[in-house]
1. Working from the pairwise distances between different alpha carbons, so that the mean of 1/r is found and then inverted, what is chain B's Kirkwood radius in Å?
2. For segment B:322-437, what is the convex hull volume of the alpha-carbon atoms per residue, in Å³?
3. Quick one: putting +1 on the C-beta of Lys and Arg, -1 on the C-beta of Asp and Glu, what dipole do you get for segment A:544-621 around its Cα centre, in Debye to the nearest 20?
4. Length gain on complete extension for the stretch A:Ala495 to A:Leu759, per 0.36 nm per residue less the alpha carbon to alpha carbon distance?
5. Take peptide B:23-30, look around each residue's Cβ out to 10 angstrom, count Cβ atoms belonging to other protein chains, and average those counts.
6. How compact is segment B:33-104 by the rule of thumb for globular proteins, expressed as Cα Rg over 2.2 N^0.38 Å?
7. Within segment A:729-762, find all residues whose amide N lies under 16 Å from a label point positioned 7 Å from the Cα of A:Ser666 along Cα-to-beta-carbon.
8. Would you compute, for the Cα atoms of segment A:468-591, the largest minus smallest coordinate along each principal axis and list the three values in descending order, in whole Å?
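A short reminder: the numbers here are calculations on the coordinates, not readings from a lab. Source: prediction; values computed, not measured. All Cβ positions, glycine included, derive from the backbone under ideal geometry; neighbour counts span all protein chains shown.
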Amino acid sequence: MGPLGRETWAQRLGTFRASPSAFMAGPEGEDLGRDLLSDLRSEKLSEPMKVALLALSLEYPDQLWPDAPAAEAAATSLLDTLVLLPPRPSALRRPLLLAATTALAAGGALNPASGASGRLLPLLLGLASGRDLGRSFCPASEQRPLQATAWECLRELESCRPGLLGGCLGLLRALLGREGPAQPLSLLLALALRNALVIQARAGAGLQGLLTAGESSMEGGPWNWMLAEEGEVHLQPQAPSWPAAEEDECGLAALELSPEEARELRATVAQLLDASYLLTPVAQAQLLWLLGWALRGLRGQPPVLFKPQLVRLLGTAQLTLLHAMLALKAAFGEALFTAQDEALLLRRLTLAAQHPALPLPTHLFYLHCLLNFPENWPLGPTGEEAAPLLLGSQLCRGLLPSLLHEPMALLARLHLLCLLCVEDEEKEGKGQDRSPRHYLEELLAGLRQRAALDGGPRALATLCFQASYLVAHCLAGQPVVLIPLTQGLAQLYRARPALAPHFVDLLDHVGPELQEPLRVALRQEVASRPGREEALRWHLQMLASVADGDAQSATLSFLRAAAAHCTDWGLQQALLRVCRALLRAGVGGGLADLLQELARQLEDPDGQDHARLYYILLAHLAGPKLGVALGPSLAAPALASSLVAENQGFAAALMVQEAPAPIRLSVGPRRAEGAVPVLRLQVEVLEPVYSLELRFRVEGQLYAPLGAVHVPCLCPGRPTRPLLLPLQPRRPAPARLAVRALYSTPSGLTCHAHLPPLLVAFADLFLPFPQPPEGAQLDFFEELWDSCLPKGTESRLWCPLGPEGLEALVSRHLEPFVVVAQPRCTFFPARSRLTGPRRWGASSPQPSVWVVTD
Amino acid sequence: MAQRAVWLISHESGTPLGGIVKFSRRYPTVEKRAKVFNGASYVPVPEDGPFLKALLFELRLLDDEKDFLESRDSCSHINKTSIYGVPVGGEELWPVVAFLKNGMIYACVPLVEQTLSPRPPLISISGISQGFELLFGVQDFLSSGQKTDSELNTKLSQLSDLLLQTCPFGTLLDANLQNSLDSINSASVTHLQKQPAWKTGTYKGKPQVSISITEKVNSMQYDKQEIADTWQVVGVVTCKCDLEGSMPNVTISLSLPTNGSPLQDILVHPCVTSLDSAILTSSSIDAMDDSAFSGPYKFPLTPPLESFNLCYYTSQVPVPPILGFYQVKEEEVQLKITVNLKLHESVKNSFEFCEAHIPFYNRGPITHVEYKASFGQLEVFREKSLLVWIIGQKFPKSMEISLSGTITFGAKNHEKQPFDQICIGGTAYLKLHFRILDYTLTGCYVDQHSVQVFASGKPKISTYRKLISSDYYIWNSKAPAPVTYGSLLLLDLSFLQSPLPQLKKKQLHFKGIPIPEA
């Protein structure tokens, strides 16, 4: 196919960008990558269009070239295109370099075996270091921009393949001292240094002269992949320079640096920091993060090197710089920030979190930083938001919420206020009128007032409930806050019952400290209403959530009054949902009457049916079972439809469920128990099991039918007596017993489970034999033998044996009955006594066996 | 510290999707790292369509607010920063940095170089601040000078090229996009030794330095016993240094007159090379005393080429420039209002403009107004339920003006009349808008002779000053009004130490009690 026209490409790009996956699934998807590469060399397409094609390849290389070979081929083609460009200025060189880099790095094709990598890396390093690549490569005017681009490409490759430029550290250092752009070089050096330190620390090696290797180290010869190969194995989450991270995660403490290496390292870091003012603020911040990462935990590298930079940075409004300072603070703590420095940093952060010249997102982020401030000596538990110790209420004054704030700012500041209230509570006996707590109460009242506004936006209501939730969460232990909060919320409900869904949601999420009193207050609030308001729908929804066994009569009389006004299906269902909640809560007497009334009174047949069903359930099921039957469905917890959920809930509760067995059975040691052989079963349970019935079955007519075993209750971890299963063998043969269990769970469900089969050994079918006195076994056996003979019969038989021989056969099946080991004499205590073998030739393949039976 | 993707979305409420993706850029090499670093908790960056929908929902920008939706309205779904978890395809993409500014949503997804479960604290993710800076940079670029839609579209079309310069692989190199645009346009600039990355070229021409100080004053006035009025000045000093040489050194000093109000909370531009510790520590957080540092505030710096904000500051002046008093009385269908305004004698009585906007929220349209103004004219915007009292360029000699009137409203129509969540019941405010040129409330100025420039040639130095009102509210003293913690606390202190005699004076004044001359 010839090259596509400009229009066609513009249209294709548009369609692709609208939905890349849809495009790739379409008929044109397959060819896109190939067409793009070939049309880059077409003379018909304009440069801007080619730039657009390259821009696409920068964003979607995975779609265009989905595997490593394709990415490798694409990178090769892009490099060919680059080399073939005529030596006049062109807008394509930069994007071609970027595209080749992206294709290799994103496509996973960056490795020593890749030809394209072997071409791209020296090209980039040559461009970056300003080496002469020959006039033909690019005109002089493009050299500077290409140089900067080459540095960026190298940095990206180093990011994706740590250690790739480990061999160039010496060269990079040497270049930093010369003229040329400082920023890309500084950033690359810092990154490569950090990666080299991490890789070498893992390998337990030093820097091995990497920093001092001269410029010649990378010239000529193939690319040095050694460090990158090490790094590849360990490409893993970078150790964040944050105290919450594991101390040894970055593992730099293992790095052994010689004094000379340590000096070189220090000199390099100092060189980087000294030139850092030449970098843009965002790049300065990156440099600080990288160097902080590099030096954290490294022995013999005091962080004082950073100190000269800090005062300059502390004064700026730049988000990235202050953030990088906090990272250094977290990484080095007291080694870099004295207590006074810490206080100053905290003050600057507090100031920045409220400075009117900064935008809201910045304020909010600084507030987050305040509550996660890396203190030198943190008190509370790590990982929890808390106000730093040095942040007193005086400092916080400007950070407290007011109704005028945006919702997010209000919530963030409210959180801080709550933390202050916690502290305030700890400092007892202040008795101030204007305590943070009073302010909190006023603020919450203001929020409720706004939420109560009829027709107001839902966001206002949501904000009010979020604030209430936050307060209940932070100040759960302070009744002095929760009591007015509960009252206020009850008032809010009175003013605007339409907020019922918010109340239900709040009740679902808060802890019992607020949940319990609020539930009571809301129930009273609803029950005190006449049941015929416009808001009946909301009252019923509310009541379904808060109704329980308490104050039954008020609730029932409200429902009775409401029933007359429940004229449509929706209201009737809402009413029945309340009844259902009461059923679950175990409300009895009055409810039965109400349900009967409803079954007669409701107009809608569906409502009548439900009322009747509930009545029947109430009359026939015991409390716990009823609770489960009406509780949230176990069978379909994710299904939102209440109708389906209800049906499945019943089905689940009232039918026997197939379940994986929480029971383990095993055969225990034998012991004489009465006149028949008895299996002693050991039973273990993983969860409590009630009314357990174990049923056993054996194939064929080997034994008489086996009875079931019943156990009232079994609990995990509690010792249990063995269960006894008497066997009546009809034919003495080993067998597998199929076992089924029927039991109830603590939640009231009845379950049925198949257990793994039990193996009944041959030996299990005989009564255990009392041990004869020590030393007298042989005589004992002979007497026994002889005592059988007068009445019984003696026989002798020869039988073929498998390769195991008689010894193994006896020890496998008859071991418990062996009276004398040599010569082997065994006694079977069965209904018909049986003894033998008496004698046999040990080496004979067909031993003779004497048997005597009575 | 890299970004996985960036989006610009115009928020268009009322359209089926609620918005349009105006620009998006993905960084596949960063995405590849995300896959490794995040491990099992990795969630891929979605396509534009699903992302748009999910983000608008998360930001509550879809119009559908009628019903309670747990995933949006649940009380436990609390966001305290502009960083969101956006549900996409059953998983949650986190962290998404996003904010809405002037109808445009700016969003990006920073790379987190560790596992996401449990979520690491935001403070430990370097990409968060980098992401913010990128978005702020884009926002500055789009909003600078842009007025019309076509200008905006031009800028949006330049964005792809600009990000190729400043953020080629997702790691931001310079948040100042305009800089990069200039450097594209002047590609032949030769980089000298030690050329800073934030300065894309050198200036050739007549040396000149221009410095302008803009102060904004905000205020909350209540005229109540139990609540103290508050006001604050926020200043910004903007500079443009056209100087030859690659790194000229300049020192700019801000000075105060003897009775000037000390500058506090000073934040400086990163080009400032060193800072006096007195500047660093002077802050509004501390209780004020006479020993507060009052300048001169010296800023040694190496200026960038473009215009930049040298520093921001705040200041607590002793009195608000205009004292106000506003009373609203509801009488059946009518409202009776009384407004008194008094310009403080120390303030320059020469305005570029001065207006008082008196809105009436949560009511119907204005049907009838009867009023008496001692000065200026009143404009009535009936449909908007708004009165604008145009005071003009000067207060009269007495420095005091008043307005009283009776306003009648028609039936409330939710669609047309403005809703306000604050002005419920009797709560109401008037807002002052004014501007005074060549004046600062703190007295802060730049002495031309104090500007030191270490560069070839003697530059022309020009300085400008102006005062603008911003959020200058006077609340109805007959009804509750929203307060800040500060205004409660301030009053507590005032009982103890009486540091604000002006406050009491004002209260006496408006209650018609003659103020004894000091």
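1. For chain B, inverting the mean 1/r across all distinct Cα pairs yields 26.7 Å.
2. 102
3. Working: 6 positive and 9 negative charges, 34 e Å.
Dipole magnitude for segment A:544-621 comes out near 160 debye.
4. Stretched fully, the A:Ala495-A:Leu759 segment lengthens by 88.0 nm.
5. 6
6. Details: Rg = 13.3 Å, N = 72, 2.2 N^0.38 = 11.2 Å.
Normalised by 2.2 N^0.38 Å, the Cα Rg of segment B:33-104 equals 1.19.
7. So the set is A:756-761.
8. Between the extreme Cα coordinates on each principal axis of segment A:468-591 lie 43, 29, 20 Å.
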